[in-house]
Amino acid sequence: MEDMKYTAADYKSDQYVRWCPGCGDHAVLNVLHKAMAELGIAPHMTAVISGIGCSSRLPYYMNTYGFHTIHGRGGAVATGFKVANPEMTVWQVCGDGDGLAIGGNHFIHEVRRNVDLNLLMLNNKIYGLTKGQYSPTSDRGFVSKSSPYGTTEDPFIPAELAFGARGTFFARSIDVELKISQEVMVAAAKHKGCSVVEILQNCMIFNNGIHNYITDRATRADRTIHLVHGEKMLFGANMDKGLVQDGFGLKAVTLGEDGYTIDDVLVHDAHCQSNFLHQQLAMMDGHDLPLAVGVIRDVEALTYDQEVKNQVEEVRAKKGLKSLRDLVLSGETWEVK
Amino acid sequence: MLEKTNVKVLDRVVVRFSGDSGDGMQLAGNIFSNVSAGVGNQISTFPDYPAEVRAPQGTLSGVSGFQVHIGKGVYTPGDKADVLVSMNPAALKQNVKFLKEGGVAIVDIDSFKKADLDKALYTTDEPYKEIGLKGEVVEVPMTSMVKAALADSGLDLKSVMKCKNMFALGLVCWLFDRPLESALHYLHNKFAKKPAIYEANAKVMQAGYDYGHNIHASVSTYRIESDAIRPGTYTDVNGNTATAWGLILASEKSGLPLFLGSYPITPATDILHELAKRKDLGVKACQMEDEIAGVCSAIGASFAGNLAVTSTSGPGLALKSEGIGLAVMAELPLVIIDVQRGGPSTGLPTKTEQTDLRQALYGRNGESPLAVVAAASPTDCFNMAFEAARIAVEHLTPVVPLTDGFLAHGSSAWRIPDEDEYPAIKPNFVKPEMLESGWKPYMRNEETEVRYWAIPGTPGFQHRLGGLEKDYNTSAISTDPANHEKMVQARQKKIDLIARNIPEVEVQGNPDADTLLIGWGGTYGHLYTAVEELNRAGKPVAFAHFRYICPLPANTADVISRYKRVIVAELNNGQFADYLQAKNPMTDIKRINKVQGQPFLVQEIIDGVTKIMEA
């Protein structure tokens, strides 16, 4: 094991963790501590900012700078924070309600601006803290306390929204996939720009088993695909299934059947500027095509916080003003003696 | 030439320029006020914009005005105009109510044809009579003279017509004996990059000036007195620009980088414009996706250690309420500028009121006290923006500086202060040695109740803030009932104690009078002028004007208790009067109120005070 400057314990606060026993958030928290240790960025150079909801309690459990803000506004607070102090590594934590309902506007704009921060969206398709209402990611017809006869609306798919907002980084994991979660968190932190990480997370109390179709151990290997840049898109318990191009779409095939060989299987390119295939990969839901986990898109683009800083430096250098007084005296003035 | 003319000597004079919103009335008015300031006059100006961006030419809804008050003892843009310049019948109709009885109206008679009158909805062919114009009318064939002056210029008709405002300005400069060279200098700066346009405008301005000279037999000219004003270097500044500059000085004086998170809203947008330009002074100005993101990005920047500001008007302040509550709870410094306009809801966006006082004081859930200050004049916006920032970072609290549409767009001459005229701002930072003694994020200074500010990036001071109630001792989340009450009282006391760090309220006018007139914020000029006139007329009145609203200056109750009659005059239904009444139950506070989207007229104050004094 390589020598690390920090251990996971260095990122843990002394606060008692109050999530329900068995909640998927525990796993995310533990992985985040480990990912931070792997990244080696000092706790005092790290900030974790959240909105409101179960997942938004996370900053209290971090020995970093942290801010538990108000419902939906974590993205706006994080944007201001990062612009004000670009030296800090910023993590934002939100849920599906916080990030996509009340905070939907801030979400699309922080993605569009490409603010250099890492956004963990814990998606359990339910409002947990208010005890069980449907969320903007709940499927049509979902029955909850606020939709006793089923919802009459279609959900957002977080990736689709992120791509619609011209996202430069999108990754996905599942709360129970600790290794992949850590891998995508580290990749998110290394990416310069707004890194959106969706983590499918289970709410034991109000939506237990919502991701079972995907997470069930017996079928998980067939219903998910772990995408790794530069590697063939293979999945299945025996890694004998692959994704191939099929017209304008994708198709899952079994190697050796219908004439398909390993050569037909697509190689993942997370760095491709076009998001056309990334979006198709991200939209796979585990039914006809396996749900994609891992880093789906990771491209470079100018970041908002750095560009603000650069512009300020450029204009300052060009104008050469030292103070407000310089500025005012350079305008229209007159003397009274 | 003046000696040949009938010269009137006046202390002060009001000139109102009016025309289509594309006629350049603002520019003519601005140059006129700058030129007047240059000859030593005090100046105060106020634009009157239409709500529409570009209404049809020549129609009533497209009229734009610009009022300039010059002379000595000038504290307001003036109630009514001595001279009204109207470029068309619509402008004359809309502005005749602002002309003093016996004043002079100067009109472009070329634009008073039947079609022009129809467009402005005149129903007779006697326009002056129809609108009840009582003063002298000077009919000037401006359009034809401008066309003649520029016949050889090679400019197209549209460009030629755009020079008409400079003809009017030239004429007014002659009327008030303003040096044309100075006006040409400002014009040159304006069109420095367009020499052909400058030449045309300069020629037309000269033609207007000469025209005045040639017709001098038919009209008086004026000589305007000047005050002995404090020596120094002056510039002309409006309230919004002054606000932006005050924040920049606070940034310099505190050593904190300045961050603005904002969203466009009338009449506050110019603050965003100015601070966006001031990237050349290191300002990070961000136009966010909405009002909420404006305040929340500022809160994030404040947490990160910047001097954080958001700027807005009433509807935006409503949207920011929850965010401001977070800053109250997290005890972070934050400046929330509210340029008040007519409300409620969208209300009268381009007009002025003082109706957001209660919203600023109380518009949040829970017990959520913060500091409120209010600027008294366009140039005082500089001081109060600075003060808001100083209070915010020295007391770790949100502060709302209230200005208004009248101050925001009004301008006056401002003596550029020396840097040492303003104090250093000392943020209440943590000290490294606090780590050993068990520092907690909500640990307070015992004298001020202010917590200590630890800037992210500082080793060892990692901490978590949030909107949940915290334990007074450990700073961990707490729902303990007694602790909550203790924290509520601590936050309140922190605000109350700011009173030790602000100046006392001054009593002006005649302090020995029985009657005390009280005002706050942007009405200062009108109230001050009214008080001077009342005292001159043998009606003794003392005057206290409040710029620190919450907390109130420490001597407030003492001042109020000294007077038999206390009157609060304000542009709302009595919000400050109620606030003072609750704190001073032994005094029966009288009120003068106006809620028309317009500033007070000095005469309204004089009448209102007189009526109460004689009751």
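The values are calculated or read from the model by the stated rules, or taken from the named source; none is laboratory data. Everything numeric here is computed off the predicted structure, so don't read it as measured data. Glycine gets a Cβ as well: all are built from the backbone with ideal geometry, and neighbour counts include every protein chain shown.
Summary table
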read-out	value
Among residues of region A:319-337, those that are facing chain B (nearest Cβ under 9 Å) and either among the polar types (S, T, N, Q) or under 15 Å from residue B:281 (Cβ atoms) (or both), counted	13
Any hit, region B:535-542, residues being of a type in the set (D, E, K, R) and in contact with a strand residue (DSSP E or B) (Cβ under 7 Å, 6 or more places away or on another chain)	no
Counted residues, region A:46-83 - those being under 22 Å from residue B:307 (Cβ atoms) and of a type in the set (A, V, I, L, M)	7
Within region A:301-318, considering residues that are in contact with a Pro (Cβ under 7 Å, 6 or more places away or on another chain) and more than 14 Å from residue B:283 (Cβ to Cβ), the one farthest from the other protein chains (Cβ to nearest Cβ)	A:306
Of the criteria (1) in contact with a Lys or Arg (Cβ under 6 Å, 6 or more places away or on another chain); (2) closer than 30 Å to residue A:198 by Cβ, which one residue A:295 fails	(1)
Residue B:308, sole failed condition from (1) more than 8 Å from chain A (Cβ to nearest Cβ); (2) in a strand (DSSP E or B); (3) within 28 Å of residue B:488 (Cα to Cα)	(1)
Matching entry among B:222, B:263 (being modelled with pLDDT under 95 and more than 8 Å from chain A (Cβ to nearest Cβ))	B:222
Output for region B:253-273, where each listed residue is surrounded by 22 or more Cβ atoms within 10 Å (Cβ to Cβ) and either assigned to a strand (DSSP E or B) or among the charged types (D, E, K, R) (or both)	B:258, B:259, B:260, B:261, B:262
Any hit, region B:128-142, residues being within 32 Å of the chain's Cα centre (by Cα), within 21 Å of residue B:62 (Cβ to Cβ) and surrounded by 12 or more Cβ atoms within 10 Å (Cβ to Cβ)	yes
Options A:297, A:316: the member that is within 30 Å of residue B:188 (Cα to Cα) and surrounded by 13 or more Cβ atoms within 10 Å (Cβ to Cβ)	A:316
Test for residue B:200: is it surrounded by 19 or more Cβ atoms within 10 Å (Cβ to Cβ), in the same structural domain as residue B:35 (by TED's automatic domain parsing) and modelled with pLDDT of 90 or more	yes
Subset of region A:59-91 that is buried (at least 24 other Cβ atoms within 10 Å of the Cβ) and more than 7 Å from every other protein chain (Cβ to nearest Cβ) - its residue that is nearest to residue B:259 (Cα to Cα)	A:82
Those residues of region B:311-323 which are surrounded by fewer than 23 Cβ atoms within 10 Å (Cβ to Cβ) and either within 14 Å of residue B:360 (Cβ to Cβ) or under 26 Å from the mean Cα position of the chain (by Cα) (or both), in sequence order	B:315, B:318, B:319, B:321
Filter result for residue B:485 (over 21 Å from residue B:394 (Cα atoms) and within 14 Å of chain A (Cβ to nearest Cβ))	no
Enumeration of residues in region B:57-70 that are surrounded by fewer than 24 Cβ atoms within 10 Å (Cβ to Cβ) and closer than 30 Å to residue B:536 by Cβ	none
Cβ pairs under 8 Å, 6+ apart, first in region B:111-126 and on the phi > 0 side of the Ramachandran plot, second surrounded by 11 or more Cβ atoms within 10 Å (Cβ to Cβ) and in a helix (DSSP H, G or I)	B:121/B:60; B:121/B:93
Lone unmet requirement of (1) over 18 Å from residue A:200 (Cα atoms); (2) surrounded by fewer than 19 Cβ atoms within 10 Å (Cβ to Cβ) for residue A:133	(1)
Within region B:475-588, strands (runs of 3 or more DSSP E) holding 1 or more residues that are among the charged types (D, E, K, R) and within 27 Å of the chain's Cα centre (by Cα)	B:565-570
Subset of region B:332-343 [part of a loop (DSSP other than H, G, I, E, B) and either free of Cβ contacts under 8 Å to residues at least 24 places away in the same chain or under 15 Å from the mean Cα position of the chain (by Cα) (or both)]	B:341
Only listed residue being without any contact (Cβ under 8 Å) to a residue 12 or more places away in the chain, not assigned by TED's automatic domain parsing to the domain that holds residue B:14 and not in a strand (DSSP E or B), chosen from B:438, B:457	B:438
Residue check, residue A:121 part of a strand (DSSP E or B), more than 9 Å from every other protein chain (Cβ to nearest Cβ) and either on the phi < 0 side of the Ramachandran plot or not β-branched (Val, Ile, Thr) (or both)	yes
Selection status of residue A:157, modelled with pLDDT of 95 or more, touching a Cys at 6+ places or on another chain (Cβ under 8 Å) and not small (Gly, Ala, Ser)	no
Which listed residue is buried (at least 23 other Cβ atoms within 10 Å of the Cβ) and small (Gly, Ala, Ser), from B:530, B:513	B:530
Filtered residue count, region B:278-299, keeping only those that are more than 7 Å from chain A (Cβ to nearest Cβ), under 25 Å from residue A:317 (Cβ atoms) and not β-branched (Val, Ile, Thr)	3
Cβ pairs under 8 Å, 6+ apart, first in region B:231-248 and within 10 Å of another protein chain (Cβ to nearest Cβ) and aromatic (Phe, Trp, Tyr), second in a helix (DSSP H, G or I) and buried (at least 23 other Cβ atoms within 10 Å of the Cβ)	B:234/B:37; B:245/A:324; B:245/B:382; B:245/B:385
Residue within region B:41-56 that is at pLDDT below 90, within 29 Å of the chain's Cα centre (by Cα), surrounded by fewer than 23 Cβ atoms within 10 Å (Cβ to Cβ) and among the small types (Gly, Ala, Ser) present	yes
Set B:276, B:304, B:308: member being assigned by TED's automatic domain parsing to the domain that holds residue B:395 and surrounded by fewer than 23 Cβ atoms within 10 Å (Cβ to Cβ)	B:276
Top-ranked residue in region B:64-119 [being of a type in the set (S, T, N, Q) and part of a strand (DSSP E or B); ranked as modelled with the lowest pLDDT]	B:64
Residue within region A:138-154 that is surrounded by 24 or more Cβ atoms within 10 Å (Cβ to Cβ) and at negative phi present	yes
